[in-house]
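What follows is a short report on a single structure.
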Amino acid sequence: MSLWQPVAPDIWQGRDDTREASNALRLFQTVQLSDSPHPSGEGIALIGFACDEGVRRNQGRTGAAQAPDLLRCALANMASHQGHARLIDMGNIHVEGESLEPAQQALSETVTACQQAGMRTLVFGGGHETAWAHGRGVLDAFPNERVVIINLDAHLDLRHASQATSGTPFRQLALYCAEQQREFHYACLGVSRAANTQALWDEAARLNVTLVEDLDFQQQALPVLESTLSHADRVYLTIDLDVMPAGEMPAVSAPAALGVPARDLLPVIERICRSGKLQAADLVELNPGFDRDGQGAKLAARLAWQIAHWWA
């Protein structure tokens, strides 16, 4: 795969505390590094999608292509606990110039191969154009099952556009499901009415999208989630980091004026991870160029750490 690159060995580094105790381990010491994009055995396939072409097309602030390796660096020195030894770093898929679609196809094929081999996939974007590729890969891996997409996001990302962008992934997935004559199951939790036009709200209603607004998240997210999970065979969780307040997550293309704090997101993420139905997850839209002292990268890495730890 010409669009694939292995991760540089110096990305996974940290403090060595093994002189204190044999189990004083950090992630850089337990992560497994793959020398190919092909699945091998079970575990959680960690895949980077080094791309911000979708953000550029959507007139956003570019820079997310640098996020996958930065997230790895932030994750590397965190303590390794239950679940983290299952992480297998399978490198990055990158975009050549403005050729977004071939890279999305490569990611979809990699995800499908991993899922069919019994692995789960954890993808570090990239902009939210990652979701079209990741979601399609999961749908292709389980053609006869009910795959529910849960998006923690301030934006619906149901835009109409002449080409794929970071604002179109869930409309693309809806169209893909329609082509295959399968139901489209999409829940967007944390959505901001102020950040989505009435046209997007109407599109969500037409597609029967399950919605929880940011203002209602504390009261409604978990009850709505329970109902959503009860109708799922498999779950694909995608987390757009701009769902969080700008004060917590400054390092995104479109910082949230209000947002949902990480403390409120974590119980929802934990419930999904422990449901036994989570098949795939990603974190997208981290933009290192707008980070402050690595604050955004550290918070995003902590979310990834929790997902791997809680993943049943």
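The values are calculated or read from the model by the stated rules, or taken from the named source; none is laboratory data. Note that this is a predicted model, so its numbers are computed, not measured. Cβ sites come from the backbone with ideal geometry, for glycine too, and all protein chains shown count toward neighbours. Quick note on the areas: whole protein, heavy atoms, side chains included, nothing else; ligands and nucleic acids left out. Shrake-Rupley method; radii C 1.70, N 1.55, O 1.52, S 1.80 Å.
Of note:
- Options E213, E248; residue that is in contact (Cβ under 8 Å) with a residue 12 or more places away in the chain and closer than 19 Å to F170 by Cα: E213
- Search result, residues across segment 262-289 that are within 16 Å of R120 (Cβ to Cβ), touching a residue at least 60 places away in the same chain (Cβ under 8 Å) and among the hydrophobic types (A, V, I, L, M, F, W, C): I269, I272, L278, A280, A281, L283
- Residue ranges of helices (runs of 4 or more DSSP H) in segment 1-95 with at least 1 members in contact with a Pro (Cβ under 7 Å, 6 or more places away or on another chain) and open to solvent by 20 Å² or more (accessible area, probe 1.4 Å): 67-76
- Residue in segment 273-281 that is outside any helix (DSSP H, G or I), open to solvent by less than 10 Å² (accessible area, probe 1.4 Å), in contact with a strand residue (DSSP E or B) (Cβ under 6 Å, 6 or more places away or on another chain) and under 19 Å from A251 (Cα atoms) present: no
- Residue list for segment 151-190, restricted to those being part of a loop (DSSP other than H, G, I, E, B) and crowded, with 24+ Cβ neighbours inside 10 Å: D153, A154, H155, L156, D157, L158, T165, S166, G167, T168
- Of all the numbered requirements in (1) part of a loop (DSSP other than H, G, I, E, B); (2) of a type in the set (A, V, I, L, M); (3) more than 21 Å from L229 (Cα to Cα), A113 misses one, and that requirement is (1).
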